[in-house]
Amino acid sequence: MARGPRFYFSLRSPYSWLAHHDLLGLYPDVADAVEWAPFWEPDPRNERALAERGEQFPYAAMSRAKHFYILQDVARLAAARGLALEWPVDREPVWEIPHLGYLVASGSGLGREYVAAAYRARWEQGRDICSRETVGQIAAELGLNPAEVAGASDDPELRARGVELLMDVCEDGAFGVPFFVHRFTRFWGVDRLPDFVAHVRSKLTPAAALPASSSAVGVGRSSDEGHAGGCG
């Protein structure tokens, strides 16, 4: 069965945070219509699991120059949206901790609330969301079991589900975030969100009622050499 449109988000990424803000604030109908799919850089254990299945995670670490550019760019974009920005400091992060915690929250019907709380903690409060203490506090705020959410990365079943999600990332060619995909049509970066929205809406309403999109990209190639507001 063909899968529907998907929004690959990462709790690590400031551009995913901005895309999340725009998606919910400007396009709530599309936010409800698409699948929310987590994206994170695997730890060595999950890297081995992917390698055993013949896959390699498609994300490549950014250069120092790009990192400094992103510091400026995200500050501009956040200010334009009226968002407070507090840069977090990552010390030996393990991204399975917050992202597998999302699976617990999602299973309880609070996935979107968890994402919003995690983004707020990381990008507006500068907190370390790879800290089990922080994740447990987020869980408690949502009425979830703090130990279950904070310890999700230790659960073998959730670990296995995480590998399947990482396999989806590989198969969809999601080389950075935010990444939007529907079948063979891909969009990368917060700047491409309006085009993804038009694409999704065109599948739900008569195509003639919507403008054509010009920013789709195929697997493994970008539509231009620009930044597009994405990490990766």
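Odds and ends about this structure:
- Over the stretch 6-209: Rg over Rh, Cα atoms, Kirkwood Rh: 0.95
- Angle in degrees between helix 96-107 and the longest Cα principal axis of the chain, rounded to the nearest 10: 80
- In order along the stretch 167-175, the phi-based Karplus estimate (6.51 cos²θ - 1.76 cosθ + 1.60, θ = phi - 60°) of 3J(HN,Hα) comes to 4, 4, 4, 5, 5, 7, x, 7, 8 Hz; Gly and Pro are listed as x.
- With 0.36 nm allotted per residue and the present C-alpha distance subtracted, the ARG161-ARG112 stretch has 15.8 nm of extension available.
- On Cα atoms only, tilt of 193-204 relative to the major axis of the chain in degrees: 70
- Residue of ALA31, ALA150, ALA160 that the Gaussian network model of the chain assigns the largest fluctuation, springs spanning Cα pairs under 10 Å: ALA160
- Top of ARG159, ARG186, ARG64 by mean-square fluctuation, Gaussian network on the chain, Cα under 10 Å: ARG64
- Helical content of the chain, expressed as a calculated mean residue ellipticity at 222 nm, amounts to -14500 deg cm²/dmol (DSSP H runs of 4 or more residues, -39,500 (n - 2.57) each, divided by residue number, nearest 500).
- Mean shadow area of the stretch 1-92, taken as a quarter of the surface of its Cα convex hull (nm²): 8.3
- The mean sequence distance of close C-alpha pairs (under 8 Å, at least 6 residues apart), as a share of the length of the chain, puts its relative contact order at 27 percent.
- GNM top mover of PRO28, PRO93, PRO178 - the chain, alpha-carbon springs below 10 Å: PRO28
- Residues with amide H under 5 Å from that of ARG186, placed H, sequence gap 5 or more: VAL217
- Rounded to 10°, Cα long-axis angle of helix 132-141 versus longest principal axis of the chain: 70
The numbers here are math on the coordinates, done by the rules we state, and not lab data. Here the structure is a predicted model, which means the values were calculated and not measured.
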